[in-house]
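Accompanying notes for the structure given below.
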Amino acid sequence: MARMPQGFSRPGRSHASRRRFLQFLAASPLALAPAWSGAQSATGPPAVDRILDVFDLEAAARAALPPAHFGYLATGTDEELTLRANRDAFGRYQLRARRLVDVGTLDVATTIFGVTYASPLVMAPVSSLRAFQPDGELAAARVARARKLLQIYSTVASVPIEQVNQARGEPVWYQLYPTNDWEVGKALVTRAERAGCQVLVLTVDNLGNNRLTQERAARADTRSCQACHTVQGPRYFVTRPMFAGLDLSRATRLTPHDWNWDYVKRLKDTTRMRLVLKGIVTREDAELAVEHGVDGLIVSNHGGRSEDSGRGAIECLPDVVAGVDGRMPVLVDSGFRRGTDVFKALALGATGVCLGRPYVWGLAAFGEAGVDRTFELLGRELDLIMRQSGTPTRADIGQASIVDRGRW
């Protein structure tokens with residue numbers, strides 16, 4: 001029998017009580033359900049076309065998903081300081097509107113490692129997309145193909161990488177959780193390379209977490225999860241397609257706890273793929289990445305799911321860009337929800353902006369059409385703020401486009 005999430009009756013700070021109440025609402029499959037039920041409105045266009053921004057998609061996903069699945073998407077870690085900071089930090093940066101600039105034609109094309117994409121918007125790696133909609137990673141890949149977007153595939157995806165590459169029409173970037181067994185990690189890298197992947201993305205920030213919102217949502221879920229989750233706990237990954245046929249007897253966790261920069265060198269020596277580190281948030285580590293021959297970085301705190309530093313990813317971006325000093329591309333993720341958010345990251349030196357939760361909300365609520373709507377809306381918002389800021393091309397977006405209130 002499911003229980004009410006613990007902690008609602010305890011005295012404490014008002015923000016903590018409010019957070020617990022919102023967490024309980026997030027766990028309810030009835031929340032906002034009437035607004036999003038049905039694919040076709042009797043009096044208007046299809047429901048997905050009535051979605052006005054990605055927060056509408058969040059509400060739709062909350063209505064569509066079981067509590068435990070929505071809780072997995074919504075959770076941060078510990079007190080969720082970083083989860084909140086990822087959004088709050090955008091308020092630090094103001095935009096400088098320019099007038100009488102010819103913005104009749106916009107160019108947002110982005111080139112990374114010699115490949116040109118139609119937009120700086122990137123599909124971040126998200127695990128287990130079939131937990132949100134049966135087409136899962138295939139639906140995302142078809143949208144990436146149609147919109148000419150970069151897609152990053154997760155080690156713990158629910159569809160084999162070969163099938164995703166086929167749906168994408170070209171190889172995705174491969175995000176790696178190598179496990180604590182080097183031979184398993186090596187086998188994963190070899191398979192990705194054989195599938196044609198040109199870029200390896202090593203996630204370095206997921207060293208353990210305390211995802212309380214996820215746990216409370218799971219307790220509020222009345223379903224039996226045994227049928228789908230045949231392996232539970234830290235070794236859940238053994239059932240995922242990338243691990244099929246591997247000896248996993250020594251693999252107990254996705255991320256080693258004893259790795260260091262020597263591990264990075266060992267990994268580079270194992271593959272011809274370019275190596276990108278995901279989870280770098282300081283200038284010092286960016287400089288070390290350059291020293292160790294890394295090819296690119298993704299500034300990320302795992303969407304607030306990995307560490308509760310209280311620093312928003314957008315605040316970490318200038319530090320990392322300074323450390324790189326133009327020697328490699330720097331992408332960023334965590335908390336991006338608006339076209340203005342994307343614009344601010346580009347102004348601060350980001351090469352691309354990775355989105356995770358928003359397109360999964362779209363997938364959960366409307367399938368492939370919802371994923372497409374996500375990138376349509378964000379692309380439209382980015383176009384709008386480029387016109388308002390007098391920046392018709394990516395090259396025009398820079399430090400002069402924003403004001404950093406944190407420096408006042």
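The values are calculated or read from the model by the stated rules, or taken from the named source; none is laboratory data. In this text, all values refer to a predicted model and were calculated from it rather than measured experimentally. Because the Cβ atoms are built from the backbone with ideal geometry, glycine has one as well, and the counts that use them run over all protein chains shown.
Please pick out the residue among 114, 91 that is loosely packed, with under 15 Cβ neighbours inside 10 Å, over 20 Å from the mean Cα position of the chain (by Cα), on the phi > 0 side of the Ramachandran plot and modelled with pLDDT of 95 or more. Walk me through how you get there before you give the answer.
Details: 91 fails: on the phi > 0 side of the Ramachandran plot.
Being loosely packed, with under 15 Cβ neighbours inside 10 Å, over 20 Å from the mean Cα position of the chain (by Cα), on the phi > 0 side of the Ramachandran plot and modelled with pLDDT of 95 or more holds for just one of 114, 91, which is 114.
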Which condition from (1) in contact with a strand residue (DSSP E or B) (Cβ under 6 Å, 6 or more places away or on another chain); (2) of a type outside the set (Lys, Arg); (3) farther than 26 Å from residue 320 by Cα is the one that residue 342 breaks? (3)
In region 356-408, how many residues are surrounded by fewer than 17 Cβ atoms within 10 Å (Cβ to Cβ) and in a strand (DSSP E or B)? 3
Can you name the residue in region 192-209 that is assigned to a helix (DSSP H, G or I) and touching a residue at least 60 places away in the same chain (Cβ under 8 Å) and, of all such residues, is farthest from residue 252 (Cα to Cα)? 193
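Take the conditions under 30 Å from residue 261 (Cα atoms), surrounded by 17 or more Cβ atoms within 10 Å (Cβ to Cβ) and in contact with a Ser or Thr (Cβ under 7 Å, 6 or more places away or on another chain) and apply them to residue 207. Does it pass?
On the way: under 30 Å from residue 261 (Cα atoms): yes; surrounded by 17 or more Cβ atoms within 10 Å (Cβ to Cβ): no; in contact with a Ser or Thr (Cβ under 7 Å, 6 or more places away or on another chain): yes.
Against the criterion (under 30 Å from residue 261 (Cα atoms), surrounded by 17 or more Cβ atoms within 10 Å (Cβ to Cβ) and in contact with a Ser or Thr (Cβ under 7 Å, 6 or more places away or on another chain)), residue 207 does not qualify.
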Identify, from the list 189, 164, the residue that is in a helix (DSSP H, G or I), within 19 Å of the chain's Cα centre (by Cα) and within 21 Å of residue 150 (Cα to Cα). 164
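Would you confirm whether or not region 54-62 contains a residue that is loosely packed, with under 15 Cβ neighbours inside 10 Å, touching a residue at least 60 places away in the same chain (Cβ under 8 Å) and not β-branched (Val, Ile, Thr)? First the steps, then the outcome.
Pass one, region 54-62, residues loosely packed, with under 15 Cβ neighbours inside 10 Å: 55.
If we keep only those that are touching a residue at least 60 places away in the same chain (Cβ under 8 Å) too, we end up with 55.
Subset that is not β-branched (Val, Ile, Thr): 55.
The answer is yes; a qualifying residue exists.
Quick one: count up the residues across region 252-308 that are over 23 Å from the mean Cα position of the chain (by Cα) and of a type outside the set (A, V, I, L, M). Steps first, answer last, please.
Filtering region 252-308 down to residues over 23 Å from the mean Cα position of the chain (by Cα) leaves 252, 258-263, 265-272, 284, 287-288, 290-293.
Then keep just the ones that are of a type outside the set (A, V, I, L, M); that gives 252, 258-263, 265-266, 268-272, 284, 287, 291-293.
Of the residues in that region, 19 qualify.
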Is at least one residue of region 116-135 free of Cβ contacts under 8 Å to residues at least 12 places away in the same chain and over 25 Å from residue 303 (Cβ atoms)? yes
Residue 53 versus (1) of a type in the set (Asp, Glu); (2) at pLDDT 90 or above; (3) more than 26 Å from residue 365 (Cα to Cα): which is the lone unmet condition? (3)
